Structures are given as structure tokens and as C-alpha cells.
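Structure, as C-alpha cells:
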Amino acid sequence: MRTQLLRAAIGVCMAGSAFEAQATIFTCSGVVTKVASHYGNFEVRYNSERFGAQMEPVIIYDTHTYLLGPVLKAIEAGQNSGTVYNLVIENRDGRDTRCHDGESNNALIGISKKY
């Protein structure tokens, strides 16, 4: 059920991003560890599910501030039990779409609990 919901959300985001120039949507899995204010937006840090290493942060831009509540809940869950989340990320420069691509302006546009 959650997988279907995540796929539907990604599909909607991809359809909406078709009108954006070179926007690319992808997902990463990890434990959300921290959120901080960064130039008027929120920067979300997470550790990779696969490698356990801290990944390049993603940004919650002002158009997606409704995600702040779920991110804070994800941080709390991650601290207590290492709960893993799927992060839906928009790469705004159209380059590399790997979770460790080093792009610090990637936008967090969705989040769901993986397990």
C-alpha cells in the first residue's frame, strides 16, 4: 500500500515537473538525522540506508514547508529506532541523480516511511 502510494506520488511529481526545465525526480533511502535553517529554507541531513554514511543534504524550499512536520517526526523516529524513510528528491540542475551526487541544492519534495 505504501509502495503504491509512493509510486503514485512520484508519478504526480514527475508529471508536474514535465513543465519545469530539466527537473529530475529520484528517491533515496535513509535515516533522517537533522534539520537546520539554511538561507531562509530548511536543510535536511540523512544517513544512507545502504552505506550508513551521511549523504549530501537536501533542501526544503519555501514552497514545500509542509514537509517540515513529517521530517521532524522522521528525525524522532530515526533517533529511537533507526527508522528508514524514502526521500523523494528533485534535482534542479538536471545532472547526476544518484543519492551521493554532491549537489547541495537538491529539493526534498516528499517523504514516506520505508520500514
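The values are calculated or read from the model by the stated rules, or taken from the named source; none is laboratory data. Here the structure is a predicted model, which is why all the values come from computation and not from measurement. Ligands, DNA and RNA are excluded from the accessible area calculation, which covers all protein heavy atoms including side chains. Shrake-Rupley method; radii C 1.70, N 1.55, O 1.52, S 1.80 Å.
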| Extension gain, S112 back to N80 (0.36 nm per residue minus Cα-Cα distance, nm) | 9.8 nm
| query | Using modelled amide H (1.01 Å from N, peptide plane; none on Pro or chain starts), what sits under 5 Å from the amide H of T83, excluding residues fewer than 5 places away? | reply | G78
| task | Using only protein heavy atoms and a 1.4 Å probe, report how much of L72 is accessible, in Å² to the nearest 10. | result | 90 Å²
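Could you please put I89, I111 in sequence from largest to smallest accessible area, using a 1.4 Å probe?
The ordering from most to least exposed comes out as I111, I89.
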